[in-house]
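The values are calculated or read from the model by the stated rules, or taken from the named source; none is laboratory data. The model shown is predicted, which means the values in this text are computed figures rather than measured ones. Reconstructed Cβ throughout: ideal geometry from the backbone, glycine too, with neighbour counts over all protein chains shown. For the accessible areas, the whole protein counts, side chains as well, though only heavy atoms, and no ligand, DNA or RNA atoms are used. Shrake-Rupley method; radii C 1.70, N 1.55, O 1.52, S 1.80 Å.
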Protein chains: 2
Amino acid sequence: MSRTPWNTVAIIGVGLIGGSIGLALRERKLARRVVGIGRRAASLRKAKQLGTVSETTLRIERGVADADLVVVATPIDQIVDYVREAATAARQGTLITDAGSTKATIVASLDGQLSDGVRFVGSHPLAGSEKSGPAAAAADLFVGRVVVVTPCKTTPAGAAEAVADFWSALGATAFMMSPEEHDAALASTSHLPHLVASLLAGATPRDNLPLTATGWQDTTRIAAGDADLWTQILLDNRRNVLNSLARFEKTMQTARRAIERGDAKTLRRLLSEAKAVRDAVGS
Amino acid sequence: MSRTPWNTVAIIGVGLIGGSIGLALRERKLARRVVGIGRRAASLRKAKQLGTVSETTLRIERGVADADLVVVATPIDQIVDYVREAATAARQGTLITDAGSTKATIVASLDGQLSDGVRFVGSHPLAGSEKSGPAAAAADLFVGRVVVVTPCKTTPAGAAEAVADFWSALGATAFMMSPEEHDAALASTSHLPHLVASLLAGATPRDNLPLTATGWQDTTRIAAGDADLWTQILLDNRRNVLNSLARFEKTMQTARRAIERGDAKTLRRLLSEAKAVRDAVGS
């Protein structure tokens, strides 16, 4: 995996993900300049103080002007607009990627829409947290994590590889798949778990909360995530989320019937299969 | 909370919970002798090597003969029989408790059944783990944790308090409630979360497992628990588990309809309520 030396990297959105990219780039000396771009002066000031970026600007056209690489790390409902703005202001040859949790809608909205000479490839670093904001940023957030890079049919040769090299340089392992494959898989591995964890927390009678222990705490941890962000993700990927939910509801119905009938054999089989899956993943 | 000095404590079942009780008693010098009782010589040898007990025996009548306190820390389907055996062999005044995850069936099966002069009060330390066995035992397993002590109408005066003092001496906070209240609450805070975590792990398509990250890992962690133990728990407490499951299914149906209709407002409300609950519990 080659380490790409960047001259100027512009990061739009300096929260957990954007800030961690900046910290990693600076700590690993992978970019000469890391420009933080945002809409709120206070967030940018905070990001600069924390050392996640080397300079900041509220003006996107200024921020991306000299960039070799632009990373859009905003909530998913803003990504398409920011990529368009960045593409308009960027010079020839600039590579643009994002860090959104869904890919099909974003990639389809941008496919064939950008000016020649500016290349966009979608990304999704699987490195979230229930925390958010610049203060939660960490230089090692991507180390050992998976980043999915999602080229489509019209992606220029070499662009997806360059984006994959960028994430590899931050310590991640890059997987390539189509935006549609990504969204189908992440519905099961991330979006449905978030929904289920939240509904479980919400369905716990308040009087019983003093009787929660590590099991409840682990199972519901991600319910502390941002409600707006997750509403966007679940609705953007609704078709796949509904498919995953249907699969989950089906196994839940089997379990409910087994409990109703006192059918230990079926229940034990469901729990044993689940244990085998969980043991295979580890940690 | 007074620290009760015990002469001899007998522990039936020297796995995670029994072993941790032994380690805590010995490290805190709360008992002169800690006798480990079990059915398998290999487990007892392991427990002795690890220092979780000071002596061991395969013969329950010998193990409990001099005990002031007997703790039955076996899978729940064996607890009633072991308490009966221990009560038969124990001397007058011996206090017996257990560490089972369900309480109503166990307490009802023993209520009024034991010989005079032997006192039984149920307990449930909320200090499980997806790990099991003597090697997983830890002296601090109960520190800062909640233990529910479940007296019933016929519990002799002072017995529940003595059991609560025992758990307090190990570093836990003891709550008193009836066996029925315990089972209703734990269905929501422990048994349903276990079932949901397991079903979620089991419903994840195997091909997608490389795309799991910390969210999936946290949410499904307890699915690695022992399938036999959890089958027993879910069936023993089936009425309450089904009630909790029905509440969960109802909120899930609301969420599904909101996703189907693209109803961001309802979805955001569900996720926000869940976040408030989760934030209130912390860690």
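Taking 29 Å as the straight-line reach from the Cα of B:K275, the lysines in range (excluding those fewer than 8 positions away in the same chain) are A:K46, A:K103, A:K131, A:K250, A:K275, B:K131, B:K250, B:K265.
Taking Cα centre as origin and charging only the Cβ of basic (Lys, Arg, +1) and acidic (Asp, Glu, -1) residues, the dipole magnitude of the protein assembly as shown rounds to 500 debye. Summed over both chains, the contact between B and A buries some 7200 Å² of accessible surface at a probe radius of 1.4 Å.
In the stretch A:109-149, the C-alpha radius of gyration followed by the widest Cα-Cα span (Dmax) gives 14.5, 38 angstrom. When you restrict to C-alpha pairs under 8 Å that are six or more residues apart and normalise by the size of the stretch A:7-150, the relative contact order lands at 28 percent. Projecting the alpha carbon convex hull of the stretch B:185-283 along each direction and taking the average yields 7.7 nm². Here's how it looks for A:L126: its modeled amide H is under 5 Å from those of A:V146, A:V147, A:V148, which are all 5 or more places away or on a different chain.
When you count the other C-beta atoms within 10 angstrom of each residue and take the mean per peptide, A:138-151, B:193-206, B:53-66 line up highest first as B:193-206, A:138-151, B:53-66. Considering all different alpha carbon pairs of the stretch B:70-217, the Kirkwood hydrodynamic radius works out to 16.9 Å.
With everything on Cα atoms, drop me the angle between helix A:192-202 and the longest principal axis of chain A, reported from 0 to 90° to the nearest 10. With rounding to tens, the tilt is 60 degrees. Among A:252-260, A:94-102, sorting by the average number of other beta carbon atoms lying within 10 angstrom of each residue, highest first, gives A:94-102, A:252-260.
Rounded to whole numbers, the Karplus 3J(HN,Hα) couplings from phi for the stretch B:101-118 are 7, 10, 10, 4, 4, 5, 5, 5, 5, 9, 4, x, 9, 8, 5, 4, x, 10 Hz, using 6.51 cos²θ - 1.76 cosθ + 1.60 with θ = phi - 60°, and x at Gly and Pro.
Mind checking the angle between helix A:16-27 and chain A's longest principal axis? C-alpha axes, 0 to 90 degrees, to the nearest 10. The answer is roughly 50 degrees. Projection of the Cα convex hull of the protein assembly as shown, averaged over all directions and equal to a quarter of that hull's surface, yields 27.1 nm².
With runs of 4+ DSSP H residues as the only contributors, calculate the mean residue ellipticity of the protein assembly as shown at 222 nm using -39,500 (n - 2.57) per run, divided by the residue total and rounded to the nearest 500.
On the way: 24 runs with 271 residues, N = 566.
Helix-only estimate at 222 nm: -14500 deg cm²/dmol.
If you build the convex hull over the alpha carbons only and average its shadow over all orientations, what do you get for the stretch B:137-191? Give it in nm² to one decimal. The directionally averaged projection comes out at 4.3 nm². Counting only residues at least eight positions apart within a chain, or on another chain, the lysines with an alpha carbon under 20 Å from that of A:K29 are A:K48. Ranked from largest, the principal axis spans of the Cα set of the stretch B:1-50 equal 36, 15, 15 Å. Normalised by the number of residues in the stretch B:128-187, the average gap of Cα pairs under 8 Å and 6 or more apart makes the relative contact order 40 percent. The mean of 1/r over all distinct Cα pairs in chain A, once inverted, gives the Kirkwood hydrodynamic radius of 20.2 Å.
For the stretch B:1-101, divide the Cα radius of gyration by the Kirkwood radius and give the resulting Rg/Rh value with two decimals.
Details: Rg = 12.1 Å, Rh = 13.1 Å.
Answer for the stretch B:1-101: 0.93.
Ranking B:L58, B:A203, B:I96 by Cα position along the charge dipole of chain B, where only Lys, Arg, Asp and Glu carry charges on their C-beta atoms, puts B:A203 farthest toward the positive end.
Charged side chains reduced to their Cβ positions (Lys and Arg at +1, Asp and Glu at -1) give chain A a dipole of some 520 debye around its Cα centre.
Interface residues of the stretch A:128-153, defined as those losing at least 10 Å² of solvent-accessible heavy-atom surface relative to the isolated chain (probe radius 1.4 Å), are listed as A:G128, A:R145, A:V146.
Distances between copies at A:E260, taken between label points 7 Å from Cα along the C-beta direction, are 2.0 nm in increasing order.
Using the 2.2 N^0.38 Å rule of thumb for compact globular proteins, work out how the stretch B:88-173 stacks up: its C-alpha Rg over that value, please.
Values: Rg = 13.7 Å, N = 86, 2.2 N^0.38 = 12.0 Å.
Compared with the compact-globule rule of thumb, the stretch B:88-173 sits at 1.15.
Relative to one another, the C-alpha centroids of the stretch A:1-43 and the stretch A:123-184 are positioned 14 Å apart.
Take each residue in A:259-267, count the other chain C-beta atoms within 10 Å of its C-beta, and the mean is 4. So for the protein assembly as shown: antiparallel DSSP bridges make up what percent, rounded to the nearest 5? The answer is about 15 percent antiparallel.
Return a whole-number percent for the relative contact order of chain A, with Cα pairs under 8 Å and 6 or more residues apart as the contact set. Intermediate results must be reported in sequence, preceding the final value.
Numbers: 492 pairs, mean separation 45.8, N = 283.
16 percent.
Say a paramagnetic label sat at a point 7 Å from the Cα of B:N7, along Cα to Cβ; which residues of the stretch B:87-124 have their backbone N under 15 Å from it? Under 15 Å, as judged by backbone N against the label point of B:N7, lie B:90-95 of the stretch B:87-124.
Per residue, the accessible area of the protein assembly as shown comes to 40 Å² when a 1.4 Å probe rolls over the protein heavy atoms.
About the centre of its Cα atoms, the stretch B:173-283 shows a dipole size close to 640 debye [charges on the beta carbon of Lys, Arg (+1) and Asp, Glu (-1) only; nearest 20 debye]. Compute the long axis of helix A:159-169 from its Cα atoms, compare it with the longest principal axis of the Cα atoms of chain A, and write down the angle in degrees, 0 to 90, nearest 10. So the inclination is approximately 70 degrees. Carbon and sulfur: what percent of the protein assembly as shown's accessible surface (1.4 Å probe)? Its accessible area is 48 percent carbon and sulfur atoms.
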